[in-house]
Amino acid sequence: EIEHTKTKARHPQTNGICERFHKTVLQEFYQATLRRKIYDTLEALQSDLDDWLHEYNHHRTHQGKMCCGRTPMETLEDGKRIWKEKFVG
């Protein structure tokens with residue numbers, strides 16, 4: 001139930017968040033994992049990436065502007081709760 005949106009043209013502040021995430025995935029998952037393990041199938045690589053993403057989103061705290069020491073999932077859930085309190089009542 002996540003709505004897909006596109007970044008605005010010539011608006012680097014929006015795209016910067018995506019670019020930083022891509023850099024994190026490259027440095028912390030792909031570069032590290034591909035040094036340690038040889039994959040026989042794309043499915044095996046996808047499975048390890050899925051595990052890494054779960055750890056990243058559910059267990060690893062973030063220090064960014066919105067997360068402030070929470071995990072991304074905690075930030076999302078808090079935001080949904082606040083939105084409901086504010087707009088649904």
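Read-outs: derived from the displayed coordinates by stated rules, not from any lab. Given the structure is predicted, the values throughout are model-derived calculations rather than measurements. Glycine gets a Cβ as well: all are built from the backbone with ideal geometry, and neighbour counts include every protein chain shown.
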Förster-model FRET efficiency, 22 Å R0, A9 and Q46, C-beta, rounded to 0.05: 0.10
Reach of K86 by Cα under 17 Å, taken over aspartates and glutamates that are not fewer than 8 positions away in the same chain: E77, D78
nm² value of the averaged projected area, convex hull over the Cα atoms of the stretch 12-87: 6.7 nm²
The stretch 10-78: relative contact order as a whole-number percent, Cα under 8 Å and 6+ apart: 16 percent
Gaussian network model of the chain, springs between alpha carbon atoms under 10 Å - residue of L42, L34, L76 with greatest fluctuation: L42
Distant-in-sequence amide H partners of T71 (H built 1.01 Å from N, under 5 Å): H62
Percent breakdown of C-alpha pair distances by 10 Å bin, ordered from the shortest bin, for the stretch 38-77: 31, 35, 22, 11
Span from the the stretch 1-22 Cα centroid across to the the stretch 60-81 one, whole angstrom: 18 Å
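Using the Cα centre of the stretch 12-87 as the reference point, and only Cβ charges (+1 on K/R, -1 on D/E), how large is the resulting charge dipole? Debye, rounded to the nearest 20.
Numbers: 12 positive and 12 negative charges, 83 e Å.
Dipole magnitude for the stretch 12-87 comes out near 400 debye.
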Efficiency of FRET between T24 and E1 - r from beta-carbon atoms, R0 30 angstrom, step 0.05: 0.75
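When Lys and Arg each count +1 and Asp and Glu each count -1, what net charge do the other residues less than 13 Å away from I17, Cβ to Cβ, add up to? Present the calculation step by step, with values, prior to reporting the outcome.
Details: positive: K8, R20, K23, K65; negative: E19.
Charge balance in the 13 Å sphere: +3.
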